[in-house]
1. From the residues in the range 141-197 that are over 20 Å from residue 131 (Cβ atoms) and basic (Lys, Arg), which one is most open to solvent (accessible area, probe 1.4 Å)?
2. Check off (1) loosely packed, with under 14 Cβ neighbours inside 10 Å; (2) in a loop (DSSP other than H, G, I, E, B) for residue 132 and give me the number that stays unchecked.
3. Can you tell me which residue in the range 132-179 is nearest to the chain's Cα centre (by Cα), limited to those that are farther than 14 Å from residue 191 by Cβ and hydroxyl-bearing (Ser, Thr, Tyr)?
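The values are calculated or read from the model by the stated rules, or taken from the named source; none is laboratory data. Everything numeric here is computed off the predicted structure, so don't read it as measured data. Note that each Cβ is placed from the backbone with ideal geometry, even for glycine, and that neighbours are counted across all protein chains shown. Just so you know, the surface numbers come from the protein's heavy atoms only, side chains and all, with ligands and any DNA or RNA stripped out. Shrake-Rupley method; radii C 1.70, N 1.55, O 1.52, S 1.80 Å.
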Amino acid sequence: MAICPKCNKQIDDDSYFCEHCGTKLYACPKCHIIGKGKGRCCGRCGSLLVEASSIGNDTTPAPSTIPNVSPSQPANGNFNDQKTCNANAPAPADNIEDLGYIPGSLYCAAMNTRIQLIDGALIGRTQGQYASQLGTFNYISGRHAVLQMTPNGWTITDVGSTNGTKVNGIRTTPNVPMPFRMGDIVRIANTYDFKAE
């Protein structure tokens, strides 16, 4: 599955448009990473993004959802060639964490609390790895949500909490993983905003 860069919902890997919001998808012709749109560059190799439909019939791997950077547009303004638009782009990484775009913690400024992201960790007021830090967060359920690292980055899964979980204002469905990226806001219990950093 891939992630729409506009609405952050899961879409089929072979999609040319988001099935949820209708956004036309652009991808790297080399890495097949879904990107933010025409004129943007691949966050992995620096190549100009092209319409996903123009690379959909080849045999290379399906697009992944590694977040991309937003380098400036090429000086020549031609977005359909395959020149590298960022000469200083990082080399392809073997591990998604090597890209440096994956958050390592969630920080709640209002409560001055930072929790380190741990694969499989339970977020809860009375249970899980963060209970000692979140014990005073009255609106968080005893068992609230689970963090998971996937090949495409971090997800949070609400486990049927009383006050719910949101990512960038979108309420998660209980027991359905919701991806989040660097800079996203994870709202836990409709009260506490944690920024992915």
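1. Filtering first and then ranking leaves 171.
2. Status for residue 132: all satisfied but (2).
3. Here the residue is 155.
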